[in-house]
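This report refers to the structure that appears directly beneath it.
Laboratory data are not the source of any read-out in this text; all were calculated from the coordinates shown. Keep in mind the model is a prediction, meaning the values are calculated, not measured. Methodologically, a virtual Cβ is constructed for each residue, glycine included, from the backbone with ideal geometry; neighbour enumeration extends over all protein chains shown.
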Amino acid sequence: MMKGIQDYYPDHFGQCYGCGRLNEHGYQLKTAWDGEETLTRFTPSAYHTAIPGSVYGGLLASLIDCHGTGSAALALAKEKGIQLEGFNAPRCVTGSLQVSYKKPTPIDSTLEIRGIIKEVKGKKVVVEIRLLSKGEVCVTGEVIAIQVPDDFGK
Ligand SMILES: CCCCCCCC(=O)SCCNC(=O)CCNC(=O)[C@H](O)C(C)(C)COP(=O)(O)OP(=O)(O)OC[C@H]1O[C@@H](n2cnc3c(N)ncnc32)[C@H](O)[C@@H]1OP(=O)(O)O
């Protein structure tokens, strides 16, 4: 599995259901740069069904959510010139999540979730997201992610 920004979060940020590397029940998403875009992949199982053959929308929203916050963390690291090592990644939570379902998302294929950084302003990052199955955009979204301090949630 490829390494993602989530591998550079300290342990207490590693519990997230969507992207925590320490959550054995979660998706353990890995968000990384792919050129100018950010990318993560997720392979749905049959039990993620909404209507037969299609992925449940709530799951799709949560993939966009966590890929958005991971993308925002990557953008902040880039902007601040942070060389990722140990557990020094910036961390963001979701301020807002907007999702638009364009067509049913085929369940029998690995999903690609791609992010484009639209804005970095202080601790706020706006990320535009496309979710593709079989090469077709099925869902689009926008995440506004906000950087949080090290002791957030402690
Ligand atoms: C790192 C591992 C965890 C990964 C997380 C995975 C994704 C998740 O599920 S996170 C869980 C869901 N999210 C939450 O629980 C967050 C709850 N909200 C909060 O804690 C706070 O409202 C928080 C941190 C988002 C923002 O608070 P705060 O730092 O005080 O923001 P603040 O200084 O007022 O605003 C900063 C900027 O962000 C914007 N902003 C703040 N909150 C929001 C929001 N909810 N929606 C849109 N924009 C917002 C502000 O407008 C401001 O923008 P600008 O500079 O342009 O004026």
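Descriptive notes on the structure:
- Checklist (1) touching a residue at least 24 places away in the same chain (Cβ under 8 Å); (2) under 17 Å from Arg130 (Cα atoms) applied to Lys3, failing item: (2)
Listed here are the residues, each with its yes/no results for (1) touching a helix residue (DSSP H, G or I) at 6+ places or on another chain (Cβ under 7 Å); (2) within 14 Å of the ligand (Cβ to nearest atom); (3) not polar (S, T, N, Q).
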{"site": "Gly18", "(1), (2), (3)": "yes, yes, yes"}
{"site": "Trp33", "(1), (2), (3)": "yes, no, yes"}
{"site": "Tyr47", "(1), (2), (3)": "no, no, yes"}
{"site": "Gly57", "(1), (2), (3)": "no, no, yes"}
{"site": "Leu60", "(1), (2), (3)": "no, no, yes"}
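- Residues satisfying the stated conditions in region 1-38, i.e. over 13 Å from the mean Cα position of the chain (by Cα) and hydroxyl-bearing (Ser, Thr, Tyr): Tyr8, Tyr9
The rows are residues; the columns are (1) under 13 Å from the mean Cα position of the chain (by Cα); (2) within 15 Å of the ligand (Cβ to nearest atom).
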{"position": "Leu84", "(1), (2)": "no, yes"}
{"position": "Gly95", "(1), (2)": "no, yes"}
{"position": "Gly135", "(1), (2)": "no, no"}
{"position": "Gly141", "(1), (2)": "yes, yes"}
{"position": "Ala145", "(1), (2)": "yes, yes"}
{"position": "Phe152", "(1), (2)": "no, yes"}
